[in-house]
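The values are calculated or read from the model by the stated rules, or taken from the named source; none is laboratory data. Only a predicted model underlies this, so the values are computations on that prediction, with no experimental measurement involved. All Cβ positions, even for glycine, are placed from backbone atoms using ideal geometry, and neighbour counts span all protein chains on display.
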Amino acid sequence: MTYICIMYEKKLPVDLQCGLHLFMEVMSGKWKIALIWCIHLGIKRPGELHRRIPKASRRILDTQLKQLTTLGIIDKTVFEQLPLKVEYELTALGETLIPVIETTAQWGEKHRAILEPFFLNPAVK
């Protein structure tokens, strides 16, 4: 039985006139930034990625890896051997996201003291 993994079909079209909306479409998905960052750090095998991101299910990681491959953010190499070996690496396009992710992480660290209480205690307003 063959399963075809396609991206979720949006009810509203993507606003291609706005770069921010395009960026949000590319990066939508809870684990995509973590996947890109891990691959950037040299973690290339699916099992290693799953161990590094244990809160994500294997199915979700596989789906988001496929989406990132389809978008040209990462490349997937399948080695014809037994057992089958798969590795991921960032494309040139994917590498351009690293400074964006680093800046976003710095913003989060800079504002941690202000924002963290809202996530630790949702009743805090």
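Checked against the criterion of being charged (D, E, K, R) and either in contact with a Lys or Arg (Cβ under 9 Å, 6 or more places away or on another chain) or over 21 Å from Val14 (Cα atoms) (or both), the candidates Lys32, Lys85 yield just one match: Lys85. A search for C-beta distances below 8 Å between a residue of the stretch 69-91 that is under 30 Å from Leu22 (Cβ atoms) and any residue that is of a type in the set (S, T, N, Q) and loosely packed, with under 12 Cβ neighbours inside 10 Å, counting only pairs 6+ apart in sequence or on different chains, returns Val86/Thr77; Glu87/Thr77; Tyr88/Thr77; Glu89/Thr77.
Against the condition surrounded by 11 or more Cβ atoms within 10 Å (Cβ to Cβ), at negative phi and modelled with pLDDT of 95 or more, how does Ile36 come out, does it pass?
Details: surrounded by 11 or more Cβ atoms within 10 Å (Cβ to Cβ): yes; at negative phi: yes; modelled with pLDDT of 95 or more: yes.
It is true that Ile36 is surrounded by 11 or more Cβ atoms within 10 Å (Cβ to Cβ), at negative phi and modelled with pLDDT of 95 or more.
Considering only residues that are in a helix (DSSP H, G or I) and within 15 Å of Val86 (Cβ to Cβ), which ones fall in the stretch 15-50? Those that are in a helix (DSSP H, G or I) and within 15 Å of Val86 (Cβ to Cβ): Leu35, Cys38, Ile39, Pro46, Gly47, Glu48, Leu49, His50.
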